[in-house]
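Enquirer: Provided herewith is a single structure, encoded as structure tokens, for subsequent inquiry.
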Amino acid sequence: MLTPQELKTLSASPLFHGYTPEGLNLLLEEIPWEKRQFAKGDVIYAPDQFRKELAAVLSGRVLVTKGDGELVVSMLTEADLFGAAALFNDEADYVSTLTARSSCTILFLSQEAVRQLIARQPLFRDNYIHYLSCRIRFLSDKIDALIQGTGEKKLTGFLLRQMDGEGLVSLNCSMTELAARLNISRAALYREMQKLEERDAIRRDGRTIVIQRPELLSRLS
């Protein structure tokens, strides 16, 4: 059974946009699902350790890496999803490694549960299609970030993609993890951050970055 807070978190996920926590509670009574706990450091998914399930993070943080962990893809937090890459294909391995960065609670929906929701719930079906479209764009942006030549271009491109409507970027990872995600050294990341601050393009406030001159970032990216 999900707690009221877990239902609220799940209703904020891309899959269940438009559902109330109360409606979600009724929906979950009709399909198979499982809630699992993970301790910090646990490997949740790996290329040779996964199941055909779609998962939503109810609490905690999950680090997504490729290779031997040298490439950080993303950091998942509450309401984020994973597992779609394996849900409806026949590949023998998973695309990345997911590791709990803190204690985590995760909801898992089996392939059959997702099939039932797509067939019975038009809102869920549309949400799922939208989610997959967003994932394609996310992966395209990741490729762009990797092929951009300089640390400056990688950082400014990242900030512009992550900036919200108020010009804020909220980091959900450490600077070391961000450097790995951008495929640059930690020293290079701090150097580029400082250069942008000296030009009044950004201002850092803890893990929040205020974009003060987005037009400058656009020219540099």
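Enquirer: What percentages, rounded to whole numbers, describe P(r) for the stretch 1-120 computed over all alpha carbon pairs with 10 Å bin width beginning at zero?
Expert: 14, 46, 32, 8, 0
Enquirer: So what are the chain's ellipsoid semi-axes, whole angstrom, largest first, if each one is the square root of 5 times an eigenvalue of the alpha-carbon gyration tensor?
Expert: Working from the Cα gyration tensor, I get semi-axes of 33, 19, 16 Å.
Enquirer: Convex hull over the Cα atoms of the stretch 68-185, averaged projected area in nm²?
Expert: The Cα convex hull of the stretch 68-185, projected and averaged over all directions, gives 9.3 nm².
Enquirer: Oh, and also: Computed FRET efficiency, Cβ-Cβ of N172 and A92, R0 35 Å: what is it to the nearest 0.05?
Expert: Approximately 0.65, to the nearest 0.05.
Enquirer: A further question on this structure: Which value, in debye to the nearest 20, describes the size of the charge dipole of the chain about its Cα centre when Lys and Arg Cβ atoms bear +1, Asp and Glu Cβ atoms bear -1, and nothing else is charged?
Expert: Charge dipole, the chain, about its Cα centre: 540 debye, nearest 20.
Enquirer: Run the numbers for R137 and L71: contour at 0.36 nm per residue of separation, minus the present Cα-Cα distance, in nm.
Expert: 21.9 nm
Enquirer: Then there is this: Net charge near Q116, counting Lys/Arg +1 and Asp/Glu -1 over other residues with Cβ under 14 Å of its Cβ?
Expert: Residues close to Q116 contribute a combined charge of -1.
Enquirer: With axes computed from alpha carbons, what is the tilt in degrees of helix 186-198 against the longest principal axis of the chain, rounded to the nearest 10 within 0 to 90?
Expert: That helix lies at roughly 60 degrees to the long axis.
Enquirer: Taking the stretch 77-121, which GluC sites (Glu not before Pro) meet the DSSP loop condition and have no more than 15 other C-beta atoms within 10 Å?
Expert: Filter output for the stretch 77-121: E91.
Enquirer: May I ask which residue of V64, M163, V43 lies farthest towards the positive end of the charge dipole of the chain, with charges of +1 (Lys, Arg) and -1 (Asp, Glu) on Cβ and the Cα centre as origin?
Expert: M163
Enquirer: While we're here: Mind listing which GluC sites (Glu not before Pro) in the stretch 122-221 are in a DSSP loop and have 11 or fewer other Cβ atoms within 10 Å?
Expert: Here the GluC sites (Glu not before Pro) that fit, given the DSSP loop and packing criteria, are E166.
All of the numbers you see were taken from the coordinates with simple rules; none came from a lab. Quick caveat: nothing in here was measured; it's all calculated off a predicted structure. Cβ coordinates were reconstructed from backbone atoms using ideal geometry, including for glycine residues, and neighbour counts include every protein chain displayed.
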